[in-house]
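The values are calculated or read from the model by the stated rules, or taken from the named source; none is laboratory data. Quick caveat, the model's predicted, so the values are computed rather than measured. So basically every Cβ, Gly included, is an ideal-geometry build from the backbone, and we count neighbours across all protein chains shown. To get the accessible areas, we keep the full protein, side chains included, count just its heavy atoms, and leave off ligands, DNA and RNA. Shrake-Rupley method; radii C 1.70, N 1.55, O 1.52, S 1.80 Å.
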Amino acid sequence: MNPDNPVVRLCSEGMRAEAEARQNDARDLFRRAWETATDDYEACVAAHYVARHQPTPEDTLHWNRECLARADRVGDERVRAFYPSLHLNIAKACRDLGRLDEAREHFQRAAACVDALPQGQYGDWNRFAIAEGLRSTGGLGPRPVDDLLADLLSGLCARRDLETLGLILPAYLGDLGTDDDRTRLATALHMVHAARGLPEEDQEALGRAITALA
């Protein structure tokens with residue numbers, strides 16, 4: 001996004017106000033951004049931030065839907081990377097309202113376009129949230145490996161084995177249920193298993209998890 005765009009500049013100021021715990025200022029800046037918008041692209045950007053400061057899930061859902069509608073009207077490469085986050089935000093609002101079927105649909109739509117996200121922490125954060133949303137709304141079916149890994153990861157956390165957690169967690173938390181995701185997780189588990197740095201009990205649990213994935 002162009003940092004010199006008036007709407008983008010107001011939204012950046014709003015995010016800075018949020019970081020400084022000036023919530024009223026942030027809300028006012030985002031509202032000014034909405035009022036300043038002169039086309040659908042700018043309105044899409046502003047609506048995303050206005051949605052962050054709504055008093056009810058219904059209002060949050062309304063603004064996130066407004067954001068999605070404006071992105072659809074733009075319909076070009078400028079908004080392509082917005083869609084995973086747009087559907088994720090709508091899904092979260094629907095889940096807060098207890099509308100799980102609708103939430104699941106939008107989590108699935110977010111997962112379908114997740115490759116549009118940039119590489120890095122922002123993309124990872126969205127991917128993790130989408131995967132969690134799919135699990136919480138039944139978009140991903142239960143797997144035997146989940147219970148095995150839950151126990152294993154709890155033990156690693158208790159021992160503060162950060163190196164092993166750093167290898168497994170990104171693949172585990174970002175698993176959207178695709179074949180590529182299963183391969184990514186299996187590869188991480190194989191690497192840890194091959195290093196043989198875990199206690200014997202954990203090595204055995206790791207082996208069972210690898211077998212369950214296969």
Q: Mind pulling the angle between the C-alpha long axis of helix 6-19 and the longest principal axis of the chain? Nearest 10 degrees, somewhere in 0 to 90.
A: 50
Q) Over the C-alpha atoms of the chain, what are the Rg and the largest Cα-to-Cα span, Dmax, in Å? A) 20.2, 63
Q) Quick one: which of 100-108, 204-212 comes out on top by average Cβ neighbours within 10 Å, and what's the full order, highest first? A) 100-108, 204-212
Q. Angle, helix 40-50 long axis vs. longest principal axis of the chain, Cα atoms, 0 to 90°, nearest 10?
A. 70
Q. Which value, in Å² and to the nearest 10, is the accessible area of His190 when all protein chains are kept and the probe is 1.4 Å?
A. 100
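Counting heavy atoms of the protein chains only and a 1.4 Å probe, report the per residue accessible area for the chain as a whole number of Å².
55
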Q: Label region 115-187 by shape, choosing from rounded, prolate and oblate, from the square roots a ≥ b ≥ c of the eigenvalues of the Cα gyration tensor; if a/c is under 1.5 it is rounded, and otherwise prolate applies when a/b is larger than b/c, oblate when it is not.
A: oblate
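Could you tell me the calculated FRET efficiency between Asp124 and Arg196, based on Cβ-Cβ distance and R0 = 35 angstrom, to the nearest 0.05? Write down the numbers at each step before the final one.
Details: r = 28 Å, r/R0 = 0.80.
Efficiency, rounded to the nearest 0.05: 0.80.
Given contacts defined as C-alpha pairs under 8 Å and at least six residues apart, what's the relative contact order of region 73-208, whole-number percent? Write down the numbers at each step before the final one.
Numbers: 118 pairs, mean separation 26.7, N = 136.
20 percent.
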Q | Most positive-pole-ward Cα, Pro199, Asn2, Gln108, against dipole of the chain from beta carbon charges | A | Asn2
Q) Computed on alpha carbon atoms, what radius of gyration and Dmax characterise region 1-110, expressed in Å? A) 13.7, 40
Q) On the accessible surface of the chain, probed at 1.4 Å, how many percent belong to carbon and sulfur atoms? A) 49
